[in-house]
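Scroll down for the structure; my scribbles are underneath it.
The values are calculated or read from the model by the stated rules, or taken from the named source; none is laboratory data. Everything quoted here is computed from the prediction, not taken from an experiment. Here Cβ is always computed from backbone atoms with ideal geometry, including for glycine, and neighbour counts include all displayed protein chains. Accessible surface is based on the protein model in full, side chains and every heavy atom, while ligands, DNA and RNA are left aside. Shrake-Rupley method; radii C 1.70, N 1.55, O 1.52, S 1.80 Å.
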Amino acid sequence: MKFTELDLPANILKALKKMGYEEMTPIQEATYPVIFAGQDLCALAETGSGKTAACAIPLIQKVDPALNAIQGLVLVPTRELCMQYMAEIEKIASTTHVIPYAVYGGFDKKIHIAKLKQEEVHILVATPGRLIDLLYDGILSFAQVKCAILDEADELLKVGFLEDIEFILSCILHEHQTLLFSATMPDDIKKLAHDCLRDPQHISLITDRVAPESIEHYFAYTHPKQKQIELIKYLEGEDINQVLVFCNARHMVDSLFRSIRKDLRDIDYMHAGLTQDKRSATIEKFRSGKLRYLIASDVAGRGLDFSHVSHVINWDFPRDGEQYTHRTGRTGRMGRKGKAFTFVSKHDLSSFRKLIRSRKITPCWIGKDPLSENNAPQERRTQKRAIYRRKNHSG
């Protein structure tokens, strides 16, 4: 379906045409009527499917530019996603009088306060921590908020964010529309989501084959000491555009960057321990193609749109299936092809089995397959030794 078939104002259609948006993606086509009708919504779709524009377009259309008040609120878990969301809304609203603004941690709060006090803001995009600071300071009014959006809702409704989200939504004292968007939604999070929604419509475009078919999944069974050698060997044999390498912790990002930068050019790193200026500059360099390799923690795994990532590499095995989905979703976006390459150690085999079952992944091993019949006896011996050690220690 084309955007021109919708009842969109001419100025918004003009902005979409300038952005190269002609055909609606399935999530946009499915959710637009629900959002515009004012119903609450819980929408699940693969990463890179166009969820941001799916809610941004009707949200901008709903705003009354003549009313000097915040009418739309968008909550996201990370600063990077906050800025990306803001950029998308700015482009779509560029031909209108709708004014968006973003507030997030790591940026001078005084500048945020001055902007919100002195200028019009119709749509506010925010991370929970900074938004609560501004609410406590008495800077914000949600008296005119018509719509609240939770993007990456599964992350926002986890224990670390949940209390903040509940407080923020409680500050919207009148009836409003609430929209939840995510690529994954574990069962325990689904229950919490229902507390935020009123008679919601549920739309899921997550197919039975959870892993998108645009991504090929490769695994390498490797001793930790051999990982760097195997990584360089793998990259040398691949047709590389851009590569995103994920580690589970900041110190691993730092360590891997220091040890590998002599082998790879056009490389940088990013994690939450860096200043916001450094993180923003690194993302912009990577997004513009000035960097070929980026080593990152999971701050880069949530919602960020990198158009030219051909390979995602899990240096550290993901903690769960949701983390794997979000990481690998940085490639193979919007119909493009991508490759995911994950290192597996003997300690990861149990997690590996759970991953391929839950995500219905058909794995391709590079090198030895530790689960093949030839290697099964060795694996059984390893398991028996582990059981023996546990019994020994417990005794």
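Only residues that are more than 14 Å from SER49 (Cα to Cα), open to solvent by less than 40 Å² (accessible area, probe 1.4 Å) and part of a loop (DSSP other than H, G, I, E, B) were counted across the range 297-308, and they come to 2. Here is the figure for the range 20-37: residues that are touching a residue at least 40 places away in the same chain (Cβ under 8 Å) and in contact with a Ser or Thr (Cβ under 9 Å, 6 or more places away or on another chain) total 3.
Taking ILE313, is it in a strand (DSSP E or B), open to solvent by less than 60 Å² (accessible area, probe 1.4 Å) and more than 28 Å from THR25 (Cα to Cα)? Outline the logic, then answer.
Details: in a strand (DSSP E or B): yes; open to solvent by less than 60 Å² (accessible area, probe 1.4 Å): yes; more than 28 Å from THR25 (Cα to Cα): no.
No: the conditions fail for ILE313.
Of all residue pairs spaced 6 or more apart or on separate chains, those with beta-carbon atoms under 6 Å, a first member in the range 248-262 that is at pLDDT 95 or above and a second member that is surrounded by 16 or more Cβ atoms within 10 Å (Cβ to Cβ) and β-branched (Val, Ile, Thr) are VAL253/ILE295; LEU256/ILE295; PHE257/ILE295.
Yes/no matrix, rows are residues, columns are (1) in contact with a Lys or Arg (Cβ under 6 Å, 6 or more places away or on another chain); (2) more than 30 Å from LYS346 (Cα to Cα); (3) surrounded by fewer than 17 Cβ atoms within 10 Å (Cβ to Cβ):
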residue	(1), (2), (3)
ILE165	no, yes, no
MET185	no, no, no
CYS196	no, yes, no
ASP199	no, yes, yes
ILE203	no, yes, no
HIS223	no, no, yes
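Scanning the range 263-296 for residues that are part of a loop (DSSP other than H, G, I, E, B) and in contact (Cβ under 8 Å) with a residue 12 or more places away in the chain yields ASP263, LEU264, ARG265, ASP266, HIS271, ALA272, GLY273, THR275, GLY289, LYS290, LEU291, ARG292.
Looking only at the range 318-336, decide whether some residue is buried (at least 17 other Cβ atoms within 10 Å of the Cβ) and of a type in the set (A, V, I, L, M, F, W, C). It would help to see each step written out before you state the result.
So the first thing to find is which residues in the range 318-336 are buried (at least 17 other Cβ atoms within 10 Å of the Cβ), and the list is 318, 321-333.
Checking which are of a type in the set (A, V, I, L, M, F, W, C) leaves us with none.
Looking for residues that are buried (at least 17 other Cβ atoms within 10 Å of the Cβ) and of a type in the set (A, V, I, L, M, F, W, C), one finds none in the range 318-336, hence no.
Taking the criterion of being among the acidic types (Asp, Glu) and assigned to a helix (DSSP H, G or I), the only residue of the range 129-140 that qualifies is ASP133.
Of a type in the set (A, V, I, L, M), surrounded by 14 or more Cβ atoms within 10 Å (Cβ to Cβ) and modelled with pLDDT under 90 - does that describe any residue in the range 363-372? Yes: the range 363-372 contains one or more residues that are of a type in the set (A, V, I, L, M), surrounded by 14 or more Cβ atoms within 10 Å (Cβ to Cβ) and modelled with pLDDT under 90.
Going residue by residue through the range 92-103, is there one that turns out to be under 25 Å from LEU162 (Cβ atoms), without any contact (Cβ under 8 Å) to a residue 40 or more places away in the chain, open to solvent by 30 Å² or more (accessible area, probe 1.4 Å) and out of contact with any strand residue (DSSP E or B) (no Cβ under 7 Å at 6 or more places or on another chain)? Checking the range 92-103: not a single residue is under 25 Å from LEU162 (Cβ atoms), without any contact (Cβ under 8 Å) to a residue 40 or more places away in the chain, open to solvent by 30 Å² or more (accessible area, probe 1.4 Å) and out of contact with any strand residue (DSSP E or B) (no Cβ under 7 Å at 6 or more places or on another chain). Of all the residues in the range 184-206, those that are of a type outside the set (Gly, Ala, Ser) and either part of a helix (DSSP H, G or I) or over 18 Å from ALA148 (Cβ atoms) (or both) number 13. I'd like to know if the range 55-69 contains one or more residues that are open to solvent by less than 40 Å² (accessible area, probe 1.4 Å), at pLDDT below 95, at negative phi and charged (D, E, K, R). Among the residues of the range 55-69, not one is open to solvent by less than 40 Å² (accessible area, probe 1.4 Å), at pLDDT below 95, at negative phi and charged (D, E, K, R), which makes the answer no.
Do we find a residue being open to solvent by 10 Å² or more (accessible area, probe 1.4 Å), touching an Asp or Glu at 6+ places or on another chain (Cβ under 7 Å) and at pLDDT 90 or above anywhere in the range 14-28? No, the range 14-28 has no match at all.
Residues that are out of contact with any Pro (no Cβ under 9 Å at 6 or more places or on another chain) and buried (at least 22 other Cβ atoms within 10 Å of the Cβ): does the range 257-268 have at least one? Give the derivation first.
Of the range 257-268, the ones out of contact with any Pro (no Cβ under 9 Å at 6 or more places or on another chain) are 257-268.
From what is left, the residues that are buried (at least 22 other Cβ atoms within 10 Å of the Cβ) are none.
The answer is no; no qualifying residue exists.
For the range 136-149, the condition of being without any contact (Cβ under 8 Å) to a residue 60 or more places away in the chain, closer than 12 Å to VAL74 by Cα and β-branched (Val, Ile, Thr) holds for none of the residues.
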